[in-house]
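The values are calculated or read from the model by the stated rules, or taken from the named source; none is laboratory data. Predicted model only: the values in this text are computed from it and were never measured. Neighbour counts run over all protein chains shown; Cβ positions are idealised from the backbone, glycine included. Each accessible area value is taken on the protein alone, full model and side chains, heavy atoms only, with ligands, DNA and RNA left out. Shrake-Rupley method; radii C 1.70, N 1.55, O 1.52, S 1.80 Å.
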Amino acid sequence: MILANIITWFIILPAALFFTACGRQEETASPVKAEKKLNVVTTVAPITSIVENVAGDKIRLIGIIPEGINSHTFEPVPSDVKILAVADLLIANGLDLEIPALKLAGANMKKEAAVLRLGDKTITEKEYIYDFSFPKDRGHPNPHLWLNPEHAMRYATLVRDELIRLDPENKSAYEANSAAFLKKLETLDQAIQESIKTIPEGNRRLLTYHDSWPYFARRYGFQIIGAVQPSDFSDPSPKEVKRLIDQIRKEKIPAVFGSEVFPSPVLEQIAREGKSRYIDKLRDDELPGKPGEAQHSYIGMMIENLSTMFEALGGSADALRKVDPAPVAGAYADYRRKD
Ligand SMILES: [Zn+2]
């Protein structure tokens, strides 16, 4: 019996190994299916997540700007050229967010490759917001459209249409995924509206370090009382600091917000002297958790940001916490991370 088993194993095992090896070899020799996948490169992680939601496993997707670094000043490194050189499609925010990356892309991508600038196709010039950190005389509008879920919906639609144009074979998958994702974004939008009602009206004001929230504020009736970071990413003048301290004291703003990407002793000082709380947890292009985890997504980032913000301003985040953040078609994107 035992002998028979051993003999069987001697016969079956090598045969099995042989077939496995053959299978693998074949896979690497002629990856027919894999080769046909579109190579798509994105810039910041929230955009990577939006594309991941629409595309699922139908494309190969790399987010080129590592999470947790300053996307506004990101300079690609030589190894990024290789990624761009094989890309069929580059999806960027546009509105001047990724100037060095797009320049490098223009010089290194295939002639027939496509570039989709989502922000430029989402709002008209009339709707551009210029403000303290993005003054009109510098010529670059505030690019942070994606923090307004209504604009994220438009991004998803633009991504869907472009993927269908370049890869019509997977049209039905892109349509089904984007429909599911848009439904989730609507749920998020409703949860935000519901949550905002729980914040005392006088507290619906934002002072942040990094100036990411004006398009969000426009949709949900928040007032931006200021952003601290000047347009050259230096520190604000003592006069500006004093003005902000006076304002948050006078208006009794309960909390002011910084981000982990831009640690700000100045905002901390403003909060202290203005008798407000300083919270350094907002993020505009870094997703919470790790790739593969449900909250590592655009919706996860919004839930985390807005829960922090709304609770600090005296509201409740219960409605937001009910929204499921997981990517609708699975986690397939290659997110690069700062280490
Ligand atoms: Zn930003």
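Residues are listed down the side, and each one gets a yes or a no for (1) open to solvent by 10 Å² or more (accessible area, probe 1.4 Å); (2) out of contact with any Gly (no Cβ under 8 Å at 6 or more places or on another chain):
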| site | (1), (2) |
| --- | --- |
| Arg272 | yes, yes |
| Arg277 | yes, yes |
| Asp280 | yes, no |
| Gly289 | yes, no |
| Gly292 | yes, yes |
| Ser307 | no, yes |
| Phe310 | no, yes |
| Gly314 | yes, yes |
| Ala317 | no, yes |
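Would you check if Asp284 is in contact with a Leu (Cβ under 7 Å, 6 or more places away or on another chain), open to solvent by 10 Å² or more (accessible area, probe 1.4 Å) and within 15 Å of the ligand (Cβ to nearest atom)? Yes; evaluated as a whole, the condition is true for this residue. In segment 199-291, counting only strands (runs of 3 or more DSSP E) that sit wholly within it, the ones holding 3 or more residues that are farther than 20 Å from Met301 by Cα span 223-227.
Looking at (1) closer than 22 Å to Thr308 by Cβ; (2) within 21 Å of the chain's Cα centre (by Cα); (3) within 16 Å of the ligand (Cβ to nearest atom), can you tell me which one Leu185 breaks? Of everything listed in (1) closer than 22 Å to Thr308 by Cβ; (2) within 21 Å of the chain's Cα centre (by Cα); (3) within 16 Å of the ligand (Cβ to nearest atom), Leu185 misses just condition (3). Considered as a group, the residues in segment 68-98 that are within 12 Å of the ligand (Cβ to nearest atom) and of a type in the set (A, V, I, L, M) include one that is surrounded by the fewest Cβ atoms within 10 Å (Cβ to Cβ), and that residue is Ile69. Please specify each residue of segment 234-258 satisfying the condition of being modelled with pLDDT of 90 or more and under 20 Å from Asp284 (Cα atoms). If the condition is that a residue be modelled with pLDDT of 90 or more and under 20 Å from Asp284 (Cα atoms), then Ala255, Val256, Phe257, Gly258 are the ones that fit.
Give the residue that is farthest from Gln190 (Cα to Cα), with candidates limited to residues of segment 109-148 that are among the small types (Gly, Ala, Ser) and away from the ligand (no atom under 16 Å from the Cβ).
Ranking the qualifying residues of segment 109-148, first place goes to Ala113.
Filter the helices (runs of 4 or more DSSP H) completely within segment 70-188 down to those with at least 2 residues that are hydroxyl-bearing (Ser, Thr, Tyr).
On the way: elements: 78-85, 99-108, 149-166.
Fully inside segment 70-188 and qualifying: 149-166.
Is it the case that Lys103 is touching a Leu at 6+ places or on another chain (Cβ under 9 Å), more than 18 Å from Ala227 (Cβ to Cβ) and basic (Lys, Arg)? Considered against the rule, which asks whether it is touching a Leu at 6+ places or on another chain (Cβ under 9 Å), more than 18 Å from Ala227 (Cβ to Cβ) and basic (Lys, Arg), Lys103 comes out as no.
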